[in-house]
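Shown next, in structure tokens, is the structure this report addresses.
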2 protein chains.
Amino acid sequence: MKCEKVTKCRLESVVDIIGSKWNLMIIWHLRTSTLRFSELQNRMCGINSKTITKHLRDLENEAIISRTVYPEVPPRVEYALTEQGKEILPIIDEMLIWGGKFRHPPDGIAGCEPEGVIATTE
Amino acid sequence: MKCEKVTKCRLESVVDIIGSKWNLMIIWHLRTSTLRFSELQNRMCGINSKTITKHLRDLENEAIISRTVYPEVPPRVEYALTEQGKEILPIIDEMLIWGGKFRHPPDGIAGCEPEGVIATTE
DNA sequence: CGGTATCCCAGGCGATACTG
DNA sequence: CAGTATCGCCTGGGATACCG
């Protein structure tokens, strides 16, 4: 049957991007400000660098985020949402609305917040 | 560091559900009508039965879809969106809006449609 | 600091075959 | 028809170590 990648489903290209937990989180964390590599890594509960790098590259290739290198010592690299990237936020909002309605009380995305840092339950 | 699954991110529980290409597609296909196992399978470009079964079970456990068995011969099983499930559609809409804007012309989700069946490009 | 390289395992998913 | 069982590949992603 002929229904290869080509026509499979238009949803796919979108799911490829936001269908990943990591990608979503990166986008979410960048919603308010640009962040450095290590800042992102820390906010994302110690995701290992290989994984975060891969996702950052993917998002960069998709033009969802931008990567700016400051040629300093020590090196500094900042990530930010592009215009396309910012327009993904409404999707995340919808997701949070749903989640708040049916899964968790709408206490924001605590645990991911820079402010709340890690509200350890322990 | 203490930031286990518990507090990781509220987004996660939502991503677990709609972060899967297959789950999204199932929900999308059920948006207008209930469908039988084989109908779903065919619409989803021949996804194999093991995979679709797993995702159907997952969605059922999450109360996103309902499963109704008709004790007939031959057996008939119908899947439908629950109320919770229907409320996921806005999220998908947002995704399609974004996809239409930045990835593909907004020609719907051709290739997934019962009507258009598989608009083979070849 | 911001990565890359390597190793390795668990899980996703396709193919195929079989069953109530 | 609507699955379950088995096999086997490939990717995702954690741990660790090293580099410019």
Checked region A:8-24 for anything within 13 Å of A:Ile64 (Cα to Cα) and either modelled with pLDDT of 90 or more or of a type in the set (Phe, Trp, Tyr) (or both); matches are A:Asn23, A:Leu24
Checklist entry - Yes or no: B:Lys2 modelled with pLDDT under 90, facing chain A (nearest Cβ under 7 Å) and within 20 Å of A:Val15 (Cα to Cα)? => result no
If we ask which residues in region B:34-43 are within 21 Å of B:Ile91 (Cβ to Cβ) and without any contact (Cβ under 8 Å) to a residue 40 or more places away in the chain, their number turns out to be 1
Reported set for region B:61-99 where residues are closer than 15 Å to B:His29 by Cα and either within 16 Å of DNA strand D (Cβ to nearest atom) or of a type in the set (Val, Ile, Thr) (or both) is B:Ile64, B:Ile65, B:Ser66, B:Arg67, B:Glu78, B:Tyr79, B:Ala80, B:Leu81, B:Thr82, B:Ile88, B:Ile91, B:Ile92
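The values are calculated or read from the model by the stated rules, or taken from the named source; none is laboratory data. Just so you know, these numbers come straight off a predicted model, no measurement behind them. With ideal geometry, Cβ positions are generated from the backbone for all residues, glycine too; neighbour counts draw on all protein chains shown.
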